[in-house]
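Working notes for the structure below.
The values are calculated or read from the model by the stated rules, or taken from the named source; none is laboratory data. Predicted, not measured: the structure shown is a model, and the values here were computed from it. When we count neighbours, we look across all protein chains shown, and the Cβ atoms used for this are built from the backbone with ideal geometry, even at glycine. Remember, those area values only see protein heavy atoms, side chains included, never the ligands or the DNA or RNA. Shrake-Rupley method; radii C 1.70, N 1.55, O 1.52, S 1.80 Å.
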Amino acid sequence: MDRRSFIKICSAAAATSSVAPCLIRQTQAAELATFERVKLVDAQGLPIKASKLSSSSAYLFNYPYASTPNFLINLGKPADHADQLTDANGNAYAWRGGVGADKSIVAYSAICAHQLSYPSKDVSLITYNTGKSQMAGRAGVITCCSHNSVYDPAHGAKVLSGPAAGPLSAVALEYDAASDEIYATGVYGGLLFDDFFKAYKSQLNAELGAGKAKEIVTATAQVVPFGDYTKTAIQC
Ligand code: FES
């Protein structure tokens with residue numbers, strides 16, 4: 001893939017973030033980066049059925065790497081438009097819209113496009129708000145309370161407010177109408193995996209074992225309710 005570099009210099013205020021390093025380098029262009037085509041499954045290894053996904057909570061799955069988390073969300077309404085977006089590197093791309101019978105199923109990276117805040121087992125500052133977000137004044141948004149970025153999952157996770165310079169990267173989903181099953185096939189929008197691995201190297205090694213964080217997910221990706229994954233989801 002064509003690789004470009006982008007250097008974002010953090011503000012002095014943002015330098016107090018626990019995320020290091022302060023320099024975020026967005027290294028990949030916005031077009032689709034294809035990875036393994038994997039089926040989304042539940043904890044028992046059974047295929048997730050799109051029509052069974054609740055719209056009252058989000059889900060989480062790791063893809064395309066063993067350590068990179070994503071939101072899986074049933075918006076509860078169609079998102080069948082192709083929004084034209086621009087990533088933090090200035091690359092234009094088209095968000096593909098939702099999948100499923102109602103076109104309401106979407107998936108995005110849960111790594112904040114600002115300074116890489118992500119859900120851990122203990123706490124998550126980045127969450128999907130099914131209730132009213134204080135910052136956004138409405139429900140149905142993804143908020144990152146690290147520095148108050150708000151993303152719109154019904155429109156490609158574009159930035160509604162806050163310091164993030166680009167949308168959350170999107171997971172390309174494929175829907176099999178005959179089986180009602182969902183597959184992940186790639187990722188597009190500005191990708192921040194290199195920065196993520198670098199910033200959290202020690203944490204990821206401790207959580208998963210040395211070198212495991214960069215393992216590619218193959219065949220299946222396990223989907224769990226977001227509330228089961230992280231003990232405390234901070235909303236704002
Ligand atoms: S890490 Fe700064 S808003 Fe998410």
For this session: Report, by residue number, each residue of the stretch 77-89 that is touching a residue at least 40 places away in the same chain (Cβ under 8 Å), of a type outside the set (Asp, Glu) and not in a strand (DSSP E or B).
Result: 77, 79, 81, 88, 89
Problem set entry | Selected residue (criterion: least open to solvent (accessible area, probe 1.4 Å)) from residues of the stretch 123-133 that are within 16 Å of the ligand (Cβ to nearest atom) and in a loop (DSSP other than H, G, I, E, B) | 133
For this session: Return the pairs, sorted by first residue and then second, in which the second residue is more than 10 Å from the ligand (Cβ to nearest atom) and of a type in the set (D, E, K, R), the first residue lies in the stretch 161-173 and is in contact (Cβ under 8 Å) with a residue 60 or more places away in the chain, the beta carbons are less than 7 Å apart, and the residues are 6+ apart or on different chains.
Result: 165/8; 166/87; 167/87; 167/158; 172/96
Exercise. Within the stretch 173-189, which residues are within 11 Å of residue 108 (Cβ to Cβ) and either under 12 Å from the mean Cα position of the chain (by Cα) or of a type in the set (Phe, Trp, Tyr) (or both)?
Worked result: 187, 188, 189
Seminar exercise, completed: For residue 105, the lone unmet condition from (1) in contact (Cβ under 8 Å) with a residue 60 or more places away in the chain; (2) away from the ligand (no atom under 13 Å from the Cβ); (3) out of contact with any helix residue (DSSP H, G or I) (no Cβ under 8 Å at 6 or more places or on another chain) is (3)
Problem set entry | Selected residue (criterion: most open to solvent (accessible area, probe 1.4 Å)) from residues of the stretch 68-110 that are of a type in the set (Phe, Trp, Tyr) and within 30 Å of residue 201 (Cβ to Cβ) | 93
Exercise. Counting only residues that are open to solvent by 60 Å² or more (accessible area, probe 1.4 Å) and within 10 Å of the ligand (Cβ to nearest atom), how many does the stretch 134-150 have?
Worked result: 1
Exercise. Listed residues 179, 202; which is part of a helix (DSSP H, G or I) and more than 16 Å from the ligand (Cβ to nearest atom)?
Worked result: 202
Seminar exercise, completed: Screening 132, 158 for residues that are over 21 Å from residue 85 (Cα atoms) and basic (Lys, Arg) leaves only 132
Exercise. Is it the case that the stretch 212-221 has a residue that's touching a Pro at 6+ places or on another chain (Cβ under 7 Å), surrounded by fewer than 16 Cβ atoms within 10 Å (Cβ to Cβ) and not charged (D, E, K, R)?
Worked result: yes
Seminar exercise, completed: When the stretch 151-165 is checked residue by residue, the ones that are buried (at least 22 other Cβ atoms within 10 Å of the Cβ) and within 12 Å of the ligand (Cβ to nearest atom) are 151, 164
Problem set entry | Residue identified as at pLDDT below 95, in a loop (DSSP other than H, G, I, E, B), surrounded by fewer than 17 Cβ atoms within 10 Å (Cβ to Cβ) and more than 16 Å from the ligand (Cβ to nearest atom) among 57, 120 | 57
Exercise. Residues of the stretch 211-229 being in a loop (DSSP other than H, G, I, E, B) and either modelled with pLDDT of 95 or more or basic (Lys, Arg) (or both), which ones?
Worked result: 212, 213, 214, 215, 217, 218, 219, 223
